[in-house]
1. Can you spot a residue in region 41-61 that is of a type in the set (Lys, Arg), over 30 Å from residue 256 (Cβ atoms), touching a Leu at 6+ places or on another chain (Cβ under 9 Å) and part of a loop (DSSP other than H, G, I, E, B)?
2. Sort through 44, 91, 146, 125 and tell me the only one that's open to solvent by less than 10 Å² (accessible area, probe 1.4 Å) and under 17 Å from residue 1 (Cα atoms).
3. Collect the residues in region 97-106 that are of a type outside the set (Phe, Trp, Tyr), in contact (Cβ under 8 Å) with a residue 40 or more places away in the chain and farther than 15 Å from residue 2 by Cβ, keeping them in residue-number order.
4. What single numbered condition from (1) in contact with a helix residue (DSSP H, G or I) (Cβ under 8 Å, 6 or more places away or on another chain); (2) at positive phi fails to hold for residue 287?
5. Just give me the residues in region 315-366 being of a type in the set (S, T, N, Q), within 30 Å of residue 449 (Cα to Cα) and open to solvent by less than 70 Å² (accessible area, probe 1.4 Å), in sequence order.
6. Give, as residue ranges, the strands (runs of 3 or more DSSP E) completely inside region 102-180 that count at least 3 residues that are in contact with a Lys or Arg (Cβ under 9 Å, 6 or more places away or on another chain).
7. I'd like to know if region 75-82 contains one or more residues that are assigned to a strand (DSSP E or B) and either surrounded by fewer than 16 Cβ atoms within 10 Å (Cβ to Cβ) or under 28 Å from the mean Cα position of the chain (by Cα) (or both).
8. Given (1) assigned to a loop (DSSP other than H, G, I, E, B); (2) in contact (Cβ under 8 Å) with a residue 60 or more places away in the chain; (3) in contact with a helix residue (DSSP H, G or I) (Cβ under 7 Å, 6 or more places away or on another chain), identify the lone condition not met by residue 425.
Amino acid sequence: MLASVNGCAVVGLSGEIVTVEVDMTRGLPAIQIVGLPDAAVSEARERVRAALRNAGARLPGGRIIVNLAPADLRKEGTAYDLPIAVGILVASGQIPDEFVRGAVFIGELALNGDLRHVPGVLPVATSLRDGDARRLVLPEADAPEAALIDGIEVLGFPTLTALMETANGDAPLPSPPPADGGAPATGARLAPAYVDFADVRGQEHVKRAIEVAAAGGHNLLMAGPPGAGKTLLARAVPGILPALDREEALSVTAVYSVAGMLPEGVSLVRERPFRSPHHTISNAGLVGGGRKPRPGEISLSHHGVLFLDELPEFNVAALESLRQPLEDRIVTIARVHGAVTYPANFMLVGAMNPCPCGNYDDPVAACSCSEGAVLRYQRRISGPLLDRIDLFTEVPRVDYDKLATLTEPEPSSAVRERIARARDLQIARNDGRPIADHAPAPTNAALSPRQVRERCQEQLTPQAASLIKMAMTQMDLSARAFNRVLKVARTVADLAGSAAIDAPHVAEAIQYRRRGSGN
């Protein structure tokens, strides 16, 4: 008898239906899987055989051929265990064919018949919402994640035995999981505990630069001697960003689901990611890739913060690979079997010392580096990459009086309120529509050249227009840098609640530019 069951392959952040065809013929008892399976899928025959036996099912005799279609799509992972087992049960008449019609099955089988978690559940559920199938059958542990998507029926089973009983009418359908992802697990975080601005003494001008960067989603680079507080300030950035809205949360959750990095018990990511990879990270680790493409750090920072400490120490090729994602907010990874695209709408925060010893131009400690060594160190970050950074700020040493003061600095909560008001203005200016793909919440940093002209350049007062014209000449700004100054000025005006961009807003934006040709 021939049976057909739907499974699903995850390609990038999308799901593609895979038809699992099971044919039973005479011959020596064996299970053969064809259709471009990887090693994990090929090994499913042993897991399925043991799971069926231990779940109380009858393992049919004879030869069983399993075809995974389309045959030109590579099948990877253990999510095909369940559809293969269900296909065998249907083909052998142990469960009715009606149960599998219009349904998609995913799940890994334990040898005792338990259903285990598989990654990529959210993209699979999203693909069902946009397709013909409306029922998703999967492990009970993954049901809350799938239930985040409206318009589909989610059936979560703890074991293969429970599934068989329900299919045969001996047990009711399982209760639907909560549609909000359930309560967040205690202590489960995607980021370290945030630093509060109230815990950072001094560096008021740096805090202001961080506030402007966070309000508009701009990229930021801090430079200063060791121990000045660059890392501490960077870890305060997520705490002043607005909370994730539902669309952003689903987008971030999809990335972590595909990467298999959702914390246990967490179905929906509710806080912005903060990723801080070590400078020894490879190009594939930063951007994504591998034999089986998976998201890199820039995609794991989606709708959050990517902090690169000791920026010049990173591999040059890895740094240069950031240029395209910083512009397009997506990253495409091409491999022999095809290309996958991951979102990369992140806020880049970099930190660096001014020289190898860290004391260049320091009024307290003497620099031991030669001019050539300083120049070589700073040139490890290319001009085109620097041109994609909106704000540059110096982080000097903090003097004793500021460290010893008992005056409480402004807390992150107050800064977050101002940033939320500024972002509300940006959303209202765009009528709440996405500026670009993977950017549900409009920010000034994501404005297109046309939008920069309409929302920034045309809003300049005469004094502001005169000032930016003078800056273009004296600072030799590139066209990209000119647009970025306008975007930052728009954000400064939004923080001030001003519809027009005045000279003080432009002046503040200009002071955040790096001094040097073309920047």
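The values are calculated or read from the model by the stated rules, or taken from the named source; none is laboratory data. These numbers were taken from a predicted model, which means no experiment stands behind them. Cβ placement follows ideal geometry from the backbone for every residue including glycine, while neighbour counts extend to all protein chains displayed. Side chains included, ligands, DNA and RNA excluded: accessible areas come from the protein's heavy atoms. Shrake-Rupley method; radii C 1.70, N 1.55, O 1.52, S 1.80 Å.
1. Quick first cut of region 41-61, residues of a type in the set (Lys, Arg) only: 45, 47, 49, 53, 58.
So of that shortlist, the ones also over 30 Å from residue 256 (Cβ atoms) come out as 45, 49, 53, 58.
Now drop any that are not touching a Leu at 6+ places or on another chain (Cβ under 9 Å), which leaves 49, 53, 58.
From what is left, the residues that are part of a loop (DSSP other than H, G, I, E, B) are 58.
Yes, there is a match, as at least one residue in region 41-61 is of a type in the set (Lys, Arg), over 30 Å from residue 256 (Cβ atoms), touching a Leu at 6+ places or on another chain (Cβ under 9 Å) and part of a loop (DSSP other than H, G, I, E, B).
2. Details: 44 fails: under 17 Å from residue 1 (Cα atoms); 146 fails: under 17 Å from residue 1 (Cα atoms); 125 fails: under 17 Å from residue 1 (Cα atoms).
Going through 44, 91, 146, 125 in turn, just one is open to solvent by less than 10 Å² (accessible area, probe 1.4 Å) and under 17 Å from residue 1 (Cα atoms): 91.
3. As a first pass, look at region 97-106 and keep what is of a type outside the set (Phe, Trp, Tyr): 97-98, 100-104, 106.
Adding the requirement that they be in contact (Cβ under 8 Å) with a residue 40 or more places away in the chain leaves 97, 100, 103-104, 106.
Those that are of a type outside the set (Phe, Trp, Tyr), in contact (Cβ under 8 Å) with a residue 40 or more places away in the chain and farther than 15 Å from residue 2 by Cβ: 103, 104, 106.
4. (2)
5. Within region 315-366, the subset of a type in the set (S, T, N, Q) is 315, 321, 324, 332, 341, 345, 353, 359.
Now restrict to residues that are within 30 Å of residue 449 (Cα to Cα): 321, 324, 332, 341, 345.
Answer for region 315-366, where residues must be of a type in the set (S, T, N, Q), within 30 Å of residue 449 (Cα to Cα) and open to solvent by less than 70 Å² (accessible area, probe 1.4 Å): 321, 341, 345.
6. Numbers: elements: 103-105, 135-139, 153-157.
Qualifying strands (runs of 3 or more DSSP E): 153-157.
7. At the first step, the residues of region 75-82 found to be assigned to a strand (DSSP E or B) are 75.
Filter once more, keeping what is either surrounded by fewer than 16 Cβ atoms within 10 Å (Cβ to Cβ) or under 28 Å from the mean Cα position of the chain (by Cα) (or both): 75.
Yes; the residues of region 75-82 include at least one that is assigned to a strand (DSSP E or B) and either surrounded by fewer than 16 Cβ atoms within 10 Å (Cβ to Cβ) or under 28 Å from the mean Cα position of the chain (by Cα) (or both).
8. Residue 425 satisfies every listed condition except (1).
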